[in-house]
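The values are calculated or read from the model by the stated rules, or taken from the named source; none is laboratory data. This one's a predicted model, so the numbers in the text were calculated from it and none came from an experiment. FYI the Cβ positions are ideal-geometry reconstructions off the backbone, even for glycines, and counts take in every protein chain you see. When the accessible area is computed, the model is the full protein with side chains, heavy atoms only, and any ligands, DNA or RNA have been set aside. Shrake-Rupley method; radii C 1.70, N 1.55, O 1.52, S 1.80 Å.
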Amino acid sequence: MRLRSFFFSSIFSLSRSPSPSPSLPSSRFSSSLSPAMSPAPEKSRQGNGECNDDLKSKVTVVGSGNWGSVAAKLIASNALKLPSFHDEVRMWVFEEVLPNGEKLTDVINKTNENVKYLPGIKLGRNVVADPDLLNAVKEANMLVFITPHQFMDGICKKLDGKITGDVEAISLVKGMEVKKEGPCMISSLISKQLGINCCVLMGANIANEIAVEKFSEATVGYRESREIADTWVQLFSTPYFMVTPVQDVEGVELCGTLKNVVAIAAGFVDGLEMGNNTKAAIMRIGLREMKALSKLLFPSVKDSTFFESCGVADVITTCLGGRNRRVAEAFAKSGGKRSFDELEAEMLQGQKLQGVSTAREVYEVLNHCGWVETFPLFSTVHQICTGRLQPEAFVHYREHKA
Ligand SMILES: NC(=O)c1ccc[n+]([C@@H]2O[C@H](COP(=O)([O-])OP(=O)(O)OC[C@H]3O[C@@H](n4cnc5c(N)ncnc54)[C@H](O)[C@@H]3O)[C@@H](O)[C@H]2O)c1
C-alpha cells in the first residue's frame, strides 16, 4: 500500500502544474497553511507550534450518507494531524431508527461506524454524530455540505440566518435546483441563502473505494480566494486522495452534476447488453453535451476543467461503476416496466439516486431555453426515465452537430 501511494504521489506531483505559494495568512483559515498537496504532518502534542485554540478551525460535515461518511473519515484523520484544526469533527445525521430500534446517531457515537451507510469502516474517534442540525453547525467555521441534492433547499432554509461570523463552506453535493429564473447550482444556493462563500469538491470518487483507501483524485473548484481553496485541499488530501484546486466553481460543479445523467445512459447500454463501443460512444457524447451545456449556462466555464478529475475521470468511473449506472441497468433489463423509485428503494437501501432527478432538472432547463434538440442525449435520457420512450431509444437519436 505504501509503495502504491508513493507511486501515485510521484506521478501526480510530476503531472500537476506549479501552484502559486499560498499568500500570508489573513484569517484563521490560513493560519498554518503548508503548500497544497503535501500530506498533513503530525500534529504536535507538546504545544510547540500549536495554534491558539480560538484561532483553530472547526469543521462540521452536514450529511452522513455513503459519501458523507467517507468525507468525515478523510477530514477527521487530517484534523487530528493539522495544528490549525480542532480535533473534533461534527457530523450532522438525519436521524433514523434502525431495525433493532436503536437510533443511528447513538450507534455511530458508540461504534464509530455508520452501520447503515458505510458499514465496516471506522470513521475516526474524533467524529461526533449530532442529529440536531443547528447544534451541529453552531461552533463551526468550516461547513462541508454533502447530502443528496433534493434535501439541500430544506437544509439551507433551516440554516437561514443562523450562520454568522467568518464561515466558509464547500459543497460535495452533485445536483442542481431549478428555479423559475433558471438553474441554481447548489454552491450558489448555499452562498445566497447563508451569505457565505462556497467552494465545491467533485471528482471520480466512488465512496466505497475511497473508504478502503484506494487511490483516487478530486477537484476543488473555487471562485476567488486561492488561500481558501488551499485550506480545503489540505483538509481533504491524503496520500490516497489527491486534490487539485481549479478556479472554476461552475465548471467543476456542472461536471459533477451532469455526469449523473450520462451514467444513466451508460446503465441503459449495460441493461441492453450493447457492449463497450456503445458505452464509449455514450461517454464521449455525454462529455460533449456536458461541456456544451456548461458553457451555455456559464460562459466563464473553462475547457481545461473537463480534463480534471471532476470531468472526464468522473464520467468514466460513473459509467463503469456507481449506483446510477447500476439502477439504470436494472431499469433497462425490465424493459422500462419497473419504475426507478421502486428500483432505488429495492437496490440502494436508503441511498439516493441523483441521475434521474438531475435528468428531469436538466430537461426543464433545456425546454425553458429551447435547447432540447441541441442536447439529444440529455433529453432522451429524461424521456426514457419518464416512460415516454423505450430504453433502446437513446441510440436512435442523431447527435446535434451544429
Ligand atoms: N456515494 C458516492 O459514491 C458519492 C460519490 C461522490 C458524490 N456523491 C454525492 O454526494 C451527495 C451525498 O450522497 P451520499 O452518498 O453521501 O448519500 P446517500 O445517498 O448514501 O444517503 C442518503 C442520505 O440522505 C439522508 N436523508 C434521507 N432523507 C433525508 C431528508 N429528508 N433530509 C435530509 N437528509 C435525508 C440519509 O439519512 C442519508 O444520509 C450526493 O449529491 C451524491 O451525488 C456520492
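Going by Cα centres, the range 209-240 and the range 134-208 are how many Å apart? Using only Cα atoms, the two centres lie 17 Å from each other.
Return one number: the angle in degrees, 0 to 90 and rounded to the nearest 10, between the long axis of the Cα atoms of helix 323-333 and the longest principal axis of the Cα atoms of the chain. With both axes taken from Cα atoms, the answer is about 20 degrees. Dividing the summed helix terms, -39500 (n - 2.57) for each DSSP H run of n ≥ 4, by the number of residues in the chain produces a 222 nm estimate of -13000 deg cm²/dmol to the nearest 500.
Using only the Cα atoms of the range 322-378, each taken as one equal point scatterer with no solvent, compute I(q) by the Debye sum, divide by I(0), and report log10 of the ratio at q = 0.17, 0.25, 0.27 Å⁻¹. So the normalised log intensities work out to -0.62, -0.96, -1.02. Surface composition of the range 309-402: carbon and sulfur atoms hold 50% of the protein heavy-atom accessible area at a 1.4 Å probe. Between the listed residues Ser188, Ala393, Leu201, the Cα displaced farthest toward the positive end of the dipole of the chain, a dipole computed from Cβ unit charges relative to the Cα centre, is found at Ala393. In the range 268-402, one over the average inverse separation of all distinct C-alpha pairs is 15.5 Å, which is the Kirkwood hydrodynamic radius.
Listed here are the pairs Lys73/Lys337; Lys179/Lys295; Lys56/Lys291; Lys158/Lys179; Lys58/Lys302; which of them are more than 30 Å apart at the Cα? Result: Lys73/Lys337; Lys56/Lys291; Lys58/Lys302 exceed 30 Å. Entry for the range 135-269 at q = 0.15, 0.17, 0.19 Å⁻¹: log10 I(q)/I(0) = -0.76, -0.96, -1.17, Debye formula applied to identical alpha-carbon scatterers, no solvent contribution. A Cα-only calculation for the range 231-297 places Rg and Dmax at 15.3, 45 Å. Each part reduced to its alpha carbon centroid, the range 241-255 and the range 314-367 end up 24 Å apart. Electrostatic tally near Val315: other residues with Cβ closer than 13 Å to its Cβ, Lys and Arg +1, Asp and Glu -1, net +4. Its residues counted as N, the range 218-257 yields a C-alpha radius of gyration over 2.2 N^0.38 Å of 1.12.
Give me the percent of accessible area attributable to carbon and sulfur for the range 153-253, probe 1.4 angstrom. That fraction is 46 percent. Go through Gly256, Ile282, Thr219 and say which Cα lies farthest out towards the positive end of the charge dipole of the chain; charges sit on Cβ, +1 for Lys and Arg, -1 for Asp and Glu. The listed residue farthest towards the positive side: Ile282.
Taking the range 265-311 as the region of interest, what is the percent of Cα-Cα pairs per 10 angstrom bin, listed from the shortest bin to the one with the maximum distance? With 10 Å bins starting at 0, P(r) equals 26, 41, 25, 7. Its convex hull of Cα atoms gives the range 142-185 a direction-averaged projected area, equal to a quarter of the hull surface, of 3.5 nm². Against the main long axis of the alpha-carbon atoms of the chain, helix 66-81 sits at an angle near 20°.
Against the longest alpha carbon principal axis of the chain, how many degrees, from 0 to 90 and to the nearest 10, is the axis of helix 355-369 turned? For 355-369 against the chain, the angle is about 70 degrees. Just so you know, the averaged projected area of the alpha carbon convex hull for the chain sits at 20.2 nm². Positive contributions from Lys and Arg (+1) and negative ones from Asp and Glu (-1), summed over other residues with Cβ under 14 Å from the Cβ of Leu143, come out at 0. Based on protein heavy atoms only, the chain ends up with 43 Å² per residue of surface accessible to a 1.4 Å probe. Within the shell defined by Cβ-Cβ distances under 12 Å, the residues around Lys302 carry a net charge of -2, with Lys and Arg each +1 and Asp and Glu each -1.
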